[in-house]
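First up is the structure itself, then whatever we jot down about it.
The values are calculated or read from the model by the stated rules, or taken from the named source; none is laboratory data. Since this is a predicted model, take the numbers as computed values, not measurements. Note: ideal-geometry Cβ built from the backbone for every residue, glycine included; neighbour counts use all protein chains shown.
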Ligand code: NDP
(Lines give C-alpha, C1' and ligand atoms only; values in the text may rest on other atoms or scores of the structure.)
Protein backbone atom coordinates (compact mmCIF):
# COMPACT_ATOMS: atom_id res chain seq x y z
CA UNK A 1 0.00 0.00 0.00
CA UNK A 2 1.23 3.55 -0.67
CA UNK A 3 2.09 5.86 2.24
CA UNK A 4 -0.71 8.09 3.43
CA UNK A 5 -0.38 11.75 2.41
CA UNK A 6 -0.87 14.16 5.30
CA UNK A 7 -2.50 17.52 5.83
CA UNK A 8 -0.54 20.72 6.39
CA UNK A 9 -1.84 21.73 9.83
CA UNK A 10 -0.44 24.84 11.50
CA UNK A 11 2.73 24.50 9.45
CA UNK A 12 3.36 20.75 10.02
CA UNK A 13 2.47 17.75 7.87
CA UNK A 14 0.06 15.88 10.14
CA UNK A 15 -1.94 12.66 10.08
CA UNK A 16 -5.66 13.07 10.57
CA UNK A 17 -8.34 10.83 11.99
CA UNK A 18 -9.03 8.64 8.98
CA UNK A 19 -8.00 8.29 5.35
CA UNK A 20 -9.56 7.97 1.94
CA UNK A 21 -8.46 6.13 -1.18
CA UNK A 22 -7.92 8.06 -4.38
CA UNK A 23 -8.46 5.99 -7.53
CA UNK A 24 -7.87 6.75 -11.16
CA UNK A 25 -11.21 7.25 -12.98
CA UNK A 26 -9.58 5.96 -16.19
CA UNK A 27 -8.73 2.70 -14.44
CA UNK A 28 -10.13 2.15 -10.97
CA UNK A 29 -7.66 -0.67 -10.29
CA UNK A 30 -4.99 2.08 -10.17
CA UNK A 31 -4.76 3.27 -6.56
CA UNK A 32 -3.14 6.72 -6.68
CA UNK A 33 -2.77 7.05 -2.95
CA UNK A 34 -4.25 7.32 0.51
CA UNK A 35 -5.07 10.75 1.87
CA UNK A 36 -5.64 11.73 5.47
CA UNK A 37 -8.77 13.46 6.70
CA UNK A 38 -8.50 16.34 9.17
CA UNK A 39 -10.18 16.36 12.56
CA UNK A 40 -12.16 19.23 14.03
CA UNK A 41 -9.34 19.89 16.55
CA UNK A 42 -6.80 20.09 13.75
CA UNK A 43 -8.96 22.62 11.96
CA UNK A 44 -9.05 24.73 15.12
CA UNK A 45 -5.26 24.51 15.49
CA UNK A 46 -4.91 25.61 11.89
CA UNK A 47 -7.14 28.62 12.43
CA UNK A 48 -5.22 29.60 15.61
CA UNK A 49 -1.92 29.54 13.79
CA UNK A 50 -3.25 31.24 10.64
CA UNK A 51 -4.14 34.37 12.60
CA UNK A 52 -0.57 34.71 13.94
CA UNK A 53 1.07 33.87 10.62
CA UNK A 54 -1.08 36.37 8.74
CA UNK A 55 0.14 39.19 10.95
CA UNK A 56 3.75 38.16 10.19
CA UNK A 57 3.10 37.88 6.48
CA UNK A 58 1.45 41.30 6.33
CA UNK A 59 4.76 42.67 7.62
CA UNK A 60 6.90 41.02 4.93
CA UNK A 61 8.28 43.43 2.36
CA UNK A 62 6.58 43.56 -1.01
CA UNK A 63 9.53 42.04 -2.85
CA UNK A 64 9.74 39.16 -0.40
CA UNK A 65 6.08 38.35 -0.99
CA UNK A 66 6.52 38.79 -4.72
CA UNK A 67 9.44 36.33 -4.72
CA UNK A 68 7.34 33.70 -2.93
CA UNK A 69 4.53 33.89 -5.46
CA UNK A 70 6.93 33.97 -8.38
CA UNK A 71 8.71 30.84 -7.13
CA UNK A 72 5.43 28.93 -6.74
CA UNK A 73 4.37 29.93 -10.26
CA UNK A 74 7.72 29.07 -11.80
CA UNK A 75 7.75 25.64 -10.17
CA UNK A 76 4.22 24.84 -11.34
CA UNK A 77 5.10 25.84 -14.90
CA UNK A 78 8.36 23.92 -14.96
CA UNK A 79 6.67 20.80 -13.55
CA UNK A 80 3.55 21.05 -15.75
CA UNK A 81 4.22 17.71 -17.44
CA UNK A 82 4.73 15.79 -14.18
CA UNK A 83 1.94 17.47 -12.21
CA UNK A 84 -0.36 17.52 -15.23
CA UNK A 85 0.09 13.75 -15.47
CA UNK A 86 -0.87 13.39 -11.82
CA UNK A 87 -3.87 15.67 -12.31
CA UNK A 88 -5.09 13.75 -15.37
CA UNK A 89 -4.54 10.48 -13.57
CA UNK A 90 -6.79 11.46 -10.69
CA UNK A 91 -9.36 13.68 -12.45
CA UNK A 92 -9.58 12.00 -15.85
CA UNK A 93 -9.03 14.89 -18.26
CA UNK A 94 -6.73 14.16 -21.21
CA UNK A 95 -3.05 14.82 -20.49
CA UNK A 96 -2.88 17.91 -22.73
CA UNK A 97 -5.63 19.47 -20.63
CA UNK A 98 -4.01 18.40 -17.35
CA UNK A 99 -0.66 19.79 -18.41
CA UNK A 100 -2.28 23.00 -19.61
CA UNK A 101 -4.14 23.39 -16.35
CA UNK A 102 -1.00 23.13 -14.23
CA UNK A 103 0.80 25.60 -16.47
CA UNK A 104 -2.13 28.00 -16.20
CA UNK A 105 -2.11 27.59 -12.42
CA UNK A 106 1.51 28.73 -12.50
CA UNK A 107 0.49 31.78 -14.49
CA UNK A 108 -1.98 32.77 -11.78
CA UNK A 109 0.88 32.85 -9.29
CA UNK A 110 3.25 34.80 -11.53
CA UNK A 111 0.46 37.26 -12.39
CA UNK A 112 -0.31 37.88 -8.72
CA UNK A 113 3.41 38.01 -7.93
CA UNK A 114 3.45 41.14 -10.09
CA UNK A 115 0.29 42.42 -8.39
CA UNK A 116 2.04 42.43 -5.00
CA UNK A 117 4.04 45.39 -6.34
CA UNK A 118 1.04 47.18 -7.79
CA UNK A 119 -1.04 47.75 -4.69
CA UNK A 120 -1.68 51.38 -5.26
CA UNK A 121 -4.16 53.36 -3.20
CA UNK A 122 -5.78 56.73 -3.74
CA UNK A 123 -5.08 60.16 -2.33
CA UNK A 124 -7.55 62.99 -2.00
CA UNK A 125 -8.01 66.31 -0.29
CA UNK A 126 -10.61 66.33 2.44
CA UNK A 127 -13.53 68.71 2.31
CA UNK A 128 -11.98 70.04 5.55
CA UNK A 129 -9.20 72.53 5.02
CA UNK A 130 -5.70 71.24 5.77
CA UNK A 131 -6.78 67.59 5.85
CA UNK A 132 -5.58 64.93 3.39
CA UNK A 133 -7.06 61.51 2.74
CA UNK A 134 -5.18 58.28 2.07
CA UNK A 135 -7.23 55.30 0.83
CA UNK A 136 -5.47 51.95 0.83
CA UNK A 137 -6.27 48.28 0.75
CA UNK A 138 -5.40 45.96 3.63
CA UNK A 139 -5.64 42.16 3.89
CA UNK A 140 -8.96 40.69 5.01
CA UNK A 141 -7.31 38.18 7.38
CA UNK A 142 -7.82 34.41 7.10
CA UNK A 143 -9.41 33.17 3.88
CA UNK A 144 -11.10 29.77 3.51
CA UNK A 145 -10.65 28.36 0.02
CA UNK A 146 -13.05 25.55 -0.95
CA UNK A 147 -12.33 24.20 -4.39
CA UNK A 148 -13.87 21.58 -6.71
CA UNK A 149 -12.42 18.56 -8.47
CA UNK A 150 -12.95 19.63 -12.09
CA UNK A 151 -10.04 22.13 -12.12
CA UNK A 152 -8.28 20.98 -8.96
CA UNK A 153 -5.09 22.98 -9.47
CA UNK A 154 -6.23 26.00 -11.48
CA UNK A 155 -9.30 26.89 -9.43
CA UNK A 156 -7.41 26.58 -6.18
CA UNK A 157 -4.58 28.68 -7.63
CA UNK A 158 -6.79 31.51 -8.82
CA UNK A 159 -8.01 31.80 -5.22
CA UNK A 160 -4.82 31.05 -3.25
CA UNK A 161 -2.53 33.29 -5.35
CA UNK A 162 -4.48 36.54 -4.87
CA UNK A 163 -5.28 35.66 -1.25
CA UNK A 164 -1.55 35.44 -0.48
CA UNK A 165 -0.57 38.34 -2.75
CA UNK A 166 -2.92 40.67 -0.91
CA UNK A 167 -1.51 39.60 2.45
CA UNK A 168 -3.93 36.98 3.77
CA UNK A 169 -3.56 33.58 5.42
CA UNK A 170 -5.19 30.67 3.56
CA UNK A 171 -6.93 27.54 4.82
CA UNK A 172 -7.60 25.31 1.82
CA UNK A 173 -10.13 22.49 1.71
CA UNK A 174 -9.81 20.81 -1.68
CA UNK A 175 -12.32 18.33 -3.12
CA UNK A 176 -11.85 14.83 -1.79
CA UNK A 177 -12.00 13.46 -5.35
CA UNK A 178 -8.71 15.15 -6.27
CA UNK A 179 -6.44 15.21 -3.21
CA UNK A 180 -3.19 14.30 -4.98
CA UNK A 181 -3.07 17.55 -6.95
CA UNK A 182 -3.88 19.40 -3.74
CA UNK A 183 -0.99 17.82 -1.83
CA UNK A 184 1.39 18.55 -4.73
CA UNK A 185 0.46 22.24 -4.74
CA UNK A 186 0.57 22.45 -0.95
CA UNK A 187 4.08 20.95 -0.92
CA UNK A 188 5.28 23.63 -3.33
CA UNK A 189 3.75 26.44 -1.27
CA UNK A 190 5.05 24.99 2.00
CA UNK A 191 8.66 25.04 0.73
CA UNK A 192 8.62 28.81 0.31
CA UNK A 193 9.78 31.56 2.63
CA UNK A 194 6.44 32.04 4.39
CA UNK A 195 5.46 32.17 8.07
CA UNK A 196 4.64 28.79 9.60
CA UNK A 197 0.92 28.17 9.29
CA UNK A 198 0.23 30.96 6.79
CA UNK A 199 -1.01 28.36 4.35
CA UNK A 200 -2.82 25.18 5.44
CA UNK A 201 -4.22 22.15 3.68
CA UNK A 202 -7.20 20.54 5.42
CA UNK A 203 -8.37 17.56 3.42
CA UNK A 204 -11.64 16.13 4.66
CA UNK A 205 -15.18 15.74 3.45
CA UNK A 206 -17.20 18.78 2.51
CA UNK A 207 -20.01 17.82 4.87
CA UNK A 208 -17.61 17.59 7.82
CA UNK A 209 -14.44 19.71 7.52
CA UNK A 210 -15.86 21.96 4.81
CA UNK A 211 -18.96 22.71 6.85
CA UNK A 212 -16.97 23.34 10.04
CA UNK A 213 -14.67 25.66 8.16
CA UNK A 214 -17.42 27.81 6.68
CA UNK A 215 -19.23 27.97 10.04
CA UNK A 216 -16.13 29.16 11.87
CA UNK A 217 -16.32 32.73 13.15
CA UNK A 218 -12.53 32.84 12.82
CA UNK A 219 -12.68 32.87 9.03
CA UNK A 220 -12.80 36.35 7.50
CA UNK A 221 -13.67 35.38 3.93
CA UNK A 222 -14.76 32.28 2.00
CA UNK A 223 -14.05 31.68 -1.67
CA UNK A 224 -15.99 28.70 -3.03
CA UNK A 225 -16.43 27.01 -6.39
CA UNK A 226 -18.85 24.11 -6.72
CA UNK A 227 -22.54 23.30 -6.88
CA UNK A 228 -25.45 25.68 -6.28
CA UNK A 229 -26.97 23.77 -3.31
CA UNK A 230 -23.64 23.65 -1.46
CA UNK A 231 -23.03 27.30 -2.35
CA UNK A 232 -26.37 28.32 -0.88
CA UNK A 233 -25.57 26.42 2.32
CA UNK A 234 -22.19 28.15 2.54
CA UNK A 235 -23.78 31.56 2.05
CA UNK A 236 -26.29 30.79 4.83
CA UNK A 237 -23.48 29.72 7.17
CA UNK A 238 -21.36 32.75 6.26
CA UNK A 239 -24.10 35.23 7.00
CA UNK A 240 -24.36 33.97 10.58
CA UNK A 241 -20.87 35.35 11.20
CA UNK A 242 -21.12 38.15 8.62
CA UNK A 243 -18.20 36.50 6.80
CA UNK A 244 -17.64 37.82 3.31
CA UNK A 245 -18.25 35.23 0.64
CA UNK A 246 -17.52 34.79 -3.04
CA UNK A 247 -19.01 31.86 -4.95
CA UNK A 248 -18.78 30.50 -8.46
CA UNK A 249 -21.31 27.76 -9.09
CA UNK A 250 -23.10 26.07 -11.93
CA UNK A 251 -24.23 27.24 -15.31
CA UNK A 252 -26.13 26.36 -18.46
CA UNK A 253 -24.04 28.15 -21.06
CA UNK A 254 -25.38 28.60 -24.57
CA UNK A 255 -23.57 29.00 -27.88
CA UNK A 256 -25.75 30.70 -30.50
CA UNK A 257 -25.04 29.68 -34.12
CA UNK A 258 -26.41 32.17 -36.62
CA UNK A 259 -27.39 31.60 -40.26
CA UNK A 260 -24.36 33.63 -41.40
CA UNK A 261 -21.89 31.62 -39.30
CA UNK A 262 -18.87 29.78 -40.60
CA UNK A 263 -20.39 26.36 -39.93
CA UNK A 264 -17.11 24.47 -39.64
CA UNK A 265 -15.94 26.98 -37.05
CA UNK A 266 -19.28 26.70 -35.24
CA UNK A 267 -19.01 22.91 -35.07
CA UNK A 268 -15.41 23.06 -33.84
CA UNK A 269 -16.37 25.54 -31.12
CA UNK A 270 -19.40 23.50 -30.13
CA UNK A 271 -17.45 20.24 -29.88
CA UNK A 272 -14.62 21.70 -27.83
CA UNK A 273 -16.99 23.74 -25.66
CA UNK A 274 -19.33 20.83 -25.01
CA UNK A 275 -16.91 17.94 -24.62
CA UNK A 276 -13.64 19.42 -23.36
CA UNK A 277 -13.01 18.07 -19.87
CA UNK A 278 -15.81 15.56 -20.58
CA UNK A 279 -18.27 18.46 -20.26
CA UNK A 280 -17.33 18.90 -16.61
CA UNK A 281 -16.70 22.62 -16.85
CA UNK A 282 -18.76 25.46 -15.46
CA UNK A 283 -18.18 27.13 -18.85
CA UNK A 284 -19.25 24.12 -20.97
CA UNK A 285 -21.49 24.73 -24.02
CA UNK A 286 -24.41 22.64 -22.90
CA UNK A 287 -27.01 24.42 -25.06
CA UNK A 288 -26.46 25.00 -28.77
CA UNK A 289 -29.00 27.52 -30.03
CA UNK A 290 -29.06 27.20 -33.81
CA UNK A 291 -30.77 29.25 -36.51
CA UNK A 292 -33.20 27.08 -38.48
CA UNK A 293 -31.60 28.02 -41.84
CA UNK A 294 -28.39 26.23 -40.88
CA UNK A 295 -29.81 23.83 -38.32
CA UNK A 296 -29.79 20.62 -40.33
CA UNK A 297 -26.31 21.13 -41.80
CA UNK A 298 -24.93 22.09 -38.37
CA UNK A 299 -26.60 19.14 -36.65
CA UNK A 300 -25.25 16.68 -39.19
CA UNK A 301 -21.67 17.94 -38.82
CA UNK A 302 -21.98 18.13 -35.05
CA UNK A 303 -23.18 14.55 -34.68
CA UNK A 304 -20.48 13.29 -37.07
CA UNK A 305 -17.87 15.24 -35.10
CA UNK A 306 -19.06 13.89 -31.75
CA UNK A 307 -19.06 10.32 -33.07
CA UNK A 308 -15.50 10.76 -34.32
CA UNK A 309 -14.14 11.90 -30.95
CA UNK A 310 -11.91 9.36 -29.25
CA UNK A 311 -12.91 8.45 -25.72
CA UNK A 312 -10.17 6.79 -23.73
CA UNK A 313 -7.74 6.61 -20.85
CA UNK A 314 -6.71 10.13 -19.89
CA UNK A 315 -3.01 9.35 -20.24
CA UNK A 316 -3.17 7.55 -23.59
CA UNK A 317 -2.08 9.30 -26.79
CA UNK A 318 -4.96 10.42 -28.95
CA UNK A 319 -7.58 10.56 -26.21
CA UNK A 320 -9.89 13.52 -26.74
CA UNK A 321 -12.41 12.75 -24.00
CA UNK A 322 -11.37 11.02 -20.80
CA UNK A 323 -13.64 9.28 -18.30
CA UNK A 324 -16.02 11.28 -16.14
CA UNK A 325 -14.76 11.84 -12.64
CA UNK A 326 -16.66 9.23 -10.66
CA UNK A 327 -19.17 6.45 -10.82
CA UNK A 328 -21.70 8.72 -9.12
CA UNK A 329 -21.21 11.41 -11.77
CA UNK A 330 -21.60 8.79 -14.51
CA UNK A 331 -24.85 7.45 -13.13
CA UNK A 332 -26.23 11.00 -12.75
CA UNK A 333 -25.27 11.65 -16.38
CA UNK A 334 -27.08 8.52 -17.52
CA UNK A 335 -30.14 9.64 -15.52
CA UNK A 336 -30.12 12.88 -17.53
CA UNK A 337 -29.93 10.89 -20.77
CA UNK A 338 -33.01 8.88 -19.75
CA UNK A 339 -34.79 12.04 -18.64
CA UNK A 340 -34.02 13.83 -21.91
CA UNK A 341 -35.49 10.96 -23.91
CA UNK A 342 -38.55 10.86 -21.65
CA UNK A 343 -39.06 14.57 -22.21
CA UNK A 344 -39.08 13.98 -25.97
CA UNK A 345 -35.54 14.93 -26.98
CA UNK A 346 -33.91 12.84 -29.70
CA UNK A 347 -30.58 11.34 -28.66
CA UNK A 348 -28.76 11.53 -31.99
CA UNK A 349 -25.57 9.88 -30.75
CA UNK A 350 -23.65 8.77 -27.66
CA UNK A 351 -24.86 9.29 -24.13
CA UNK A 352 -24.04 5.72 -23.15
CA UNK A 353 -21.69 3.98 -20.72
CA UNK A 354 -18.72 2.58 -22.62
CA UNK A 355 -16.95 -0.69 -21.92
CA UNK A 356 -13.23 -0.13 -22.41
CA UNK A 357 -10.08 -2.19 -21.88
CA UNK A 358 -9.58 -0.33 -18.57
CA UNK A 359 -12.24 -0.39 -15.88
CA UNK A 360 -13.15 3.32 -15.73
CA UNK A 361 -16.09 5.71 -15.82
CA UNK A 362 -16.36 6.06 -19.58
CA UNK A 363 -19.23 7.64 -21.46
CA UNK A 364 -19.68 8.44 -25.15
CA UNK A 365 -20.30 12.11 -26.00
CA UNK A 366 -24.01 12.63 -26.46
CA UNK A 367 -25.94 15.06 -28.66
CA UNK A 368 -29.63 15.74 -28.15
CA UNK A 369 -31.57 17.13 -31.12
CA UNK A 370 -35.13 18.51 -31.26
CA UNK A 371 -34.97 19.89 -27.75
CA UNK A 372 -36.89 22.78 -26.23
CA UNK A 373 -35.37 25.24 -23.84
CA UNK A 374 -37.93 24.38 -21.17
CA UNK A 375 -36.79 20.73 -20.96
CA UNK A 376 -34.98 19.78 -17.76
CA UNK A 377 -31.86 18.89 -19.76
CA UNK A 378 -31.76 22.53 -20.86
CA UNK A 379 -32.51 23.94 -17.42
CA UNK A 380 -30.20 22.04 -15.06
CA UNK A 381 -26.43 21.86 -15.12
CA UNK A 382 -25.56 18.28 -16.13
CA UNK A 383 -21.74 18.50 -15.91
CA UNK A 384 -21.57 15.71 -18.45
CA UNK A 385 -20.36 15.05 -22.01
CA UNK A 386 -23.85 15.93 -23.22
CA UNK A 387 -25.12 18.86 -25.23
CA UNK A 388 -28.50 19.89 -26.66
CA UNK A 389 -29.44 21.59 -29.90
CA UNK A 390 -32.32 24.07 -29.73
CA UNK A 391 -33.65 25.32 -33.08
CA UNK A 392 -34.67 28.99 -33.33
CA UNK A 393 -36.12 31.10 -36.13
CA UNK A 394 -34.29 34.39 -35.71
CA UNK A 395 -31.46 36.24 -34.01
CA UNK A 396 -33.92 37.76 -31.53
CA UNK A 397 -35.23 34.34 -30.60
CA UNK A 398 -31.67 33.08 -30.22
CA UNK A 399 -30.76 35.87 -27.81
CA UNK A 400 -33.98 35.39 -25.81
CA UNK A 401 -33.25 31.63 -25.58
CA UNK A 402 -29.65 32.18 -24.50
CA UNK A 403 -30.90 34.49 -21.73
CA UNK A 404 -33.77 32.22 -20.66
CA UNK A 405 -31.97 30.49 -17.81
CA UNK A 406 -31.49 31.04 -14.08
CA UNK A 407 -27.74 30.89 -14.64
CA UNK A 408 -25.49 33.40 -16.37
CA UNK A 409 -21.83 32.48 -16.50
CA UNK A 410 -20.77 32.39 -20.17
CA UNK A 411 -22.43 32.64 -23.58
CA UNK A 412 -21.22 32.76 -27.14
CA UNK A 413 -22.27 33.64 -30.65
CA UNK A 414 -20.95 32.44 -33.98
CA UNK A 415 -21.70 34.99 -36.68
CA UNK A 416 -20.05 37.02 -39.43
CA UNK A 417 -22.28 40.00 -38.66
CA UNK A 418 -20.67 42.79 -36.68
CA UNK A 419 -24.12 44.14 -35.85
CA UNK A 420 -25.30 40.85 -34.35
CA UNK A 421 -22.02 40.22 -32.57
CA UNK A 422 -22.11 43.68 -31.03
CA UNK A 423 -25.76 43.45 -30.02
CA UNK A 424 -25.20 40.02 -28.52
CA UNK A 425 -22.11 41.11 -26.61
CA UNK A 426 -24.10 43.93 -25.06
CA UNK A 427 -27.33 42.07 -24.36
CA UNK A 428 -26.35 38.53 -23.34
CA UNK A 429 -27.00 38.32 -19.59
CA UNK A 430 -23.80 36.50 -18.68
CA UNK A 431 -20.59 37.50 -16.94
CA UNK A 432 -18.48 36.33 -19.89
CA UNK A 433 -19.37 36.61 -23.60
CA UNK A 434 -17.47 34.95 -26.47
CA UNK A 435 -17.72 36.04 -30.11
CA UNK A 436 -16.58 33.37 -32.59
CA UNK A 437 -14.82 31.64 -29.70
CA UNK A 438 -15.81 28.77 -27.40
CA UNK A 439 -17.85 29.47 -24.26
CA UNK A 440 -15.10 27.71 -22.31
CA UNK A 441 -11.60 29.15 -22.07
CA UNK A 442 -10.82 32.41 -20.33
CA UNK A 443 -7.73 34.49 -19.52
CA UNK A 444 -6.22 35.03 -16.08
CA UNK A 445 -5.61 38.78 -16.05
CA UNK A 446 -9.24 39.88 -16.40
CA UNK A 447 -12.37 39.34 -14.27
CA UNK A 448 -14.19 36.00 -14.28
CA UNK A 449 -17.66 35.34 -12.90
CA UNK A 450 -21.33 35.27 -13.77
CA UNK A 451 -24.83 36.41 -12.98
CA UNK A 452 -27.93 34.78 -11.55
CA UNK A 453 -27.30 31.44 -9.85
CA UNK A 454 -23.84 31.17 -11.42
CA UNK A 455 -21.99 33.52 -9.11
CA UNK A 456 -22.36 35.47 -5.92
CA UNK A 457 -20.10 38.17 -4.59
CA UNK A 458 -17.20 39.99 -6.23
CA UNK A 459 -15.54 38.73 -9.40
CA UNK A 460 -12.49 36.46 -9.33
CA UNK A 461 -9.19 36.78 -11.23
CA UNK A 462 -7.34 39.75 -12.65
CA UNK A 463 -7.23 42.91 -10.62
CA UNK A 464 -10.92 42.42 -9.75
CA UNK A 465 -9.74 39.91 -7.12
CA UNK A 466 -8.55 42.80 -4.95
CA UNK A 467 -12.20 43.60 -4.17
CA UNK A 468 -12.62 40.32 -2.37
CA UNK A 469 -9.21 39.71 -0.82
CA UNK A 470 -8.72 43.17 0.63
CA UNK A 471 -10.61 45.61 2.78
CA UNK A 472 -10.39 49.35 2.23
CA UNK A 473 -9.11 51.74 4.87
CA UNK A 474 -9.67 55.49 4.57
CA UNK A 475 -7.24 57.56 6.65
CA UNK A 476 -7.68 61.29 7.35
CA UNK A 477 -4.49 63.17 8.09
CA UNK A 478 -4.28 66.67 9.45
CA UNK A 479 -0.81 67.93 8.65
CA UNK A 480 -0.92 70.84 11.11
CA UNK A 481 0.90 74.12 10.72
CA UNK A 482 4.41 73.78 9.17
CA UNK A 483 5.67 76.91 10.92
P1 LIG B 1 -19.88 20.22 -4.41
O2 LIG B 1 -20.49 21.56 -4.45
O3 LIG B 1 -20.43 19.21 -3.47
O4 LIG B 1 -18.31 20.31 -4.05
C5 LIG B 1 -17.50 21.45 -4.25
C6 LIG B 1 -16.57 21.63 -3.04
O7 LIG B 1 -17.34 21.94 -1.89
C8 LIG B 1 -15.77 20.37 -2.68
O9 LIG B 1 -14.52 20.74 -2.16
C10 LIG B 1 -16.63 19.76 -1.60
O11 LIG B 1 -15.91 18.88 -0.77
C12 LIG B 1 -17.06 21.00 -0.85
N13 LIG B 1 -18.24 20.85 -0.03
C14 LIG B 1 -19.26 19.97 -0.17
N15 LIG B 1 -20.18 20.16 0.80
C16 LIG B 1 -19.74 21.18 1.57
C17 LIG B 1 -20.25 21.84 2.72
N18 LIG B 1 -21.41 21.49 3.28
N19 LIG B 1 -19.54 22.84 3.26
C20 LIG B 1 -18.37 23.23 2.71
N21 LIG B 1 -17.83 22.63 1.63
C22 LIG B 1 -18.51 21.62 1.05
O23 LIG B 1 -19.87 19.66 -5.87
P24 LIG B 1 -19.77 18.13 -6.34
O25 LIG B 1 -18.34 17.78 -6.39
O26 LIG B 1 -20.63 17.24 -5.50
O27 LIG B 1 -20.38 18.20 -7.79
C28 LIG B 1 -21.79 18.21 -7.93
C29 LIG B 1 -22.20 19.13 -9.04
O30 LIG B 1 -21.78 20.46 -8.73
C31 LIG B 1 -21.57 18.85 -10.39
O32 LIG B 1 -22.23 17.85 -11.07
C33 LIG B 1 -21.69 20.21 -11.04
O34 LIG B 1 -22.98 20.36 -11.56
C35 LIG B 1 -21.47 21.19 -9.91
N36 LIG B 1 -20.08 21.66 -9.84
C37 LIG B 1 -19.78 22.84 -10.43
C38 LIG B 1 -18.48 23.27 -10.45
C39 LIG B 1 -18.11 24.55 -11.12
O40 LIG B 1 -16.99 24.66 -11.62
N41 LIG B 1 -18.97 25.54 -11.11
C42 LIG B 1 -17.39 22.50 -9.88
C43 LIG B 1 -17.82 21.26 -9.25
C44 LIG B 1 -19.12 20.89 -9.25
P45 LIG B 1 -15.92 17.28 -1.10
O46 LIG B 1 -15.97 17.12 -2.56
O47 LIG B 1 -14.62 16.82 -0.52
O48 LIG B 1 -17.10 16.75 -0.39
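Within region 333-344, the only residue that satisfies the criterion of being within 16 Å of the ligand (Cβ to nearest atom) and exposed (fewer than 15 other Cβ atoms within 10 Å of the Cβ) is 335. The listed residues are 253, 241, and the only one of them that is surrounded by fewer than 22 Cβ atoms within 10 Å (Cβ to Cβ) and within 16 Å of the ligand (Cβ to nearest atom) turns out to be 241. Taking the listed residues 299, 304, 236, the one that is part of a helix (DSSP H, G or I), within 16 Å of the ligand (Cβ to nearest atom) and surrounded by fewer than 23 Cβ atoms within 10 Å (Cβ to Cβ) is 236, with no other qualifying. Restricting attention to region 357-373, the residues that are crowded, with 22+ Cβ neighbours inside 10 Å, in a loop (DSSP other than H, G, I, E, B) and in contact with a strand residue (DSSP E or B) (Cβ under 7 Å, 6 or more places away or on another chain) total 3.
Residue 247 fulfils the conditions (1) crowded, with 24+ Cβ neighbours inside 10 Å; (2) assigned to a helix (DSSP H, G or I); (3) within 16 Å of the ligand (Cβ to nearest atom) except for a single criterion, (2). May I ask you to list the residues in region 275-296 that are closer than 30 Å to residue 357 by Cα and outside any strand (DSSP E or B)? Of everything in region 275-296, those that are closer than 30 Å to residue 357 by Cα and outside any strand (DSSP E or B) turn out to be 275, 276, 277, 278, 279, 280, 281, 282, 284. All conditions but one from (1) over 30 Å from residue 423 (Cβ atoms); (2) more than 16 Å from the ligand (Cβ to nearest atom); (3) under 20 Å from the mean Cα position of the chain (by Cα) apply to residue 272; the one that does not is (1). Applying the criterion of being within 16 Å of the ligand (Cβ to nearest atom), part of a helix (DSSP H, G or I) and out of contact with any strand residue (DSSP E or B) (no Cβ under 7 Å at 6 or more places or on another chain) to the residues of region 127-164, the residue that is farthest from residue 69 (Cα to Cα) is 154. The residues of region 197-207 that are touching a strand residue (DSSP E or B) at 6+ places or on another chain (Cβ under 8 Å) and surrounded by fewer than 24 Cβ atoms within 10 Å (Cβ to Cβ), listed by number, are 205, 206. Checking each residue in region 381-414 for being more than 16 Å from the ligand (Cβ to nearest atom) and either surrounded by fewer than 23 Cβ atoms within 10 Å (Cβ to Cβ) or not assigned by TED's automatic domain parsing to the domain that holds residue 352 (or both) picks out 391, 392, 393, 394, 395, 396, 397, 399, 400, 401, 403, 404. Number of residues in region 25-72 that are within 30 Å of residue 322 (Cβ to Cβ) and free of Cβ contacts under 8 Å to residues at least 60 places away in the same chain: the value is 3.
Of all the criteria given as (1) assigned to a helix (DSSP H, G or I); (2) closer than 21 Å to residue 188 by Cβ, the one not satisfied by residue 8 is (1).
Within region 207-228, the set of residues being more than 25 Å from residue 42 (Cβ to Cβ) and either near the ligand (Cβ under 7 Å from one of its atoms) or assigned by TED's automatic domain parsing to the domain that holds residue 431 (or both) comprises just one member, 227.
Could you check, for region 435-442, whether at least one of its residues is within 15 Å of residue 261 (Cβ to Cβ), crowded, with 20+ Cβ neighbours inside 10 Å and in contact with a helix residue (DSSP H, G or I) (Cβ under 8 Å, 6 or more places away or on another chain)? Explain how you work it out, then say what you get.
Quick first cut of region 435-442, residues within 15 Å of residue 261 (Cβ to Cβ) only: 435-439.
If we keep only those that are crowded, with 20+ Cβ neighbours inside 10 Å as well, we get 438-439.
Then drop every residue that is not in contact with a helix residue (DSSP H, G or I) (Cβ under 8 Å, 6 or more places away or on another chain), which leaves 438-439.
Within region 435-442, one or more residues are within 15 Å of residue 261 (Cβ to Cβ), crowded, with 20+ Cβ neighbours inside 10 Å and in contact with a helix residue (DSSP H, G or I) (Cβ under 8 Å, 6 or more places away or on another chain).
Looking only at region 307-323, filter to residues that are closer than 28 Å to residue 414 by Cα and touching a residue at least 40 places away in the same chain (Cβ under 8 Å); which one of those is farthest from the ligand (Cβ to nearest atom)? Ranking the qualifying residues of region 307-323, first place goes to 307.
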